[in-house]
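Here the structure is laid out as structure tokens; the discussion comes afterwards.
The values are calculated or read from the model by the stated rules, or taken from the named source; none is laboratory data. Remember, it's a predicted structure, so these values are computed and weren't measured experimentally. Positions of Cβ are generated from backbone atoms using ideal geometry, with glycine treated the same way; all protein chains shown enter the neighbour counts.
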Amino acid sequence: MRVLLVEDDDDLSGRIASALRSENFVVDIARNGEDALHAGLTEIFDVAVLDLGLPKLDGVAVLKGWRDSERNLPVLVLTARDGWPDKVASFKAGADDFLVKPFKLEELVLRLRALVRRATGHAASRVSCGDLAFDAQLGVFELHGLPLKLTALEWRVLSCLMLRKETVVDRRELNERVYDGDAEVDSNSIEVIIARLRKKLGPDMVETVRGRGYMLTAAVS
């Protein structure tokens, strides 16, 4: 899951980014409204955390810019302001959730996972595909009812495929959701991760759709 974190406080953005990365999020940070607007319009993200009080362009203006350009990524507004007018302005601009500082990082993680899950069409926290199950709220996979051990990169790829099960996910899109922007990525790295997943899940669950990408599907017996 790739998140755009828009926060101008270096200490807070560092703590949030560290907490999210420890939960297998890929985090891109924007520290002003202009950079945030550009990133949201040009890059692929699963969710955004958006502060209201930003230099150059405030958070409400950034959000309006995204929505006016039909960028529909879920957005959690993060702010020190707790007044009702700020909440109204945020929701009218297209916010999906609202969290007031100070807050617990654990709550932020849970809210972001819920936003991503709902944005991909899953009302319940538990998502299943054949014998594979994923608790999208806790971030835990099970296969045949037993915990499935995954590396961080395997988890990122599989969670992306799981939340879009039976749908082809573009290879470029997988790359952008799996790797941090400054990571050095080999040209065949996604294929290597897919091969490892097939060893753990069985050969039929992750289907290669030639020229398009990959799709998670219930294995055919």
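General observations
- Matching option when the condition is over 26 Å from residue 174 (Cα atoms) and not acidic (Asp, Glu), among 53, 65, 40: 53
- Search result, residues across segment 22-42 that are without any contact (Cβ under 8 Å) to a residue 24 or more places away in the chain and either within 21 Å of residue 154 (Cβ to Cβ) or touching a strand residue (DSSP E or B) at 6+ places or on another chain (Cβ under 7 Å) (or both): 22
- Beta carbons closer than 7 Å, at least 6 apart along the sequence or on distinct chains, pair a first residue in segment 56-77 that is basic (Lys, Arg) with a second that is not in a strand (DSSP E or B) for 56/32; 56/33; 56/34; 64/93; 67/93; 67/94; 71/40; 71/41.
- All positions within segment 124-138 that are at pLDDT below 90 and in contact with a helix residue (DSSP H, G or I) (Cβ under 7 Å, 6 or more places away or on another chain): 125, 136, 137
- When the helices (runs of 4 or more DSSP H) confined to segment 1-110 are screened for residues that are surrounded by 19 or more Cβ atoms within 10 Å (Cβ to Cβ) and at pLDDT 95 or above, those reaching at least 1 such residues are found at 10-22, 33-42, 59-68.
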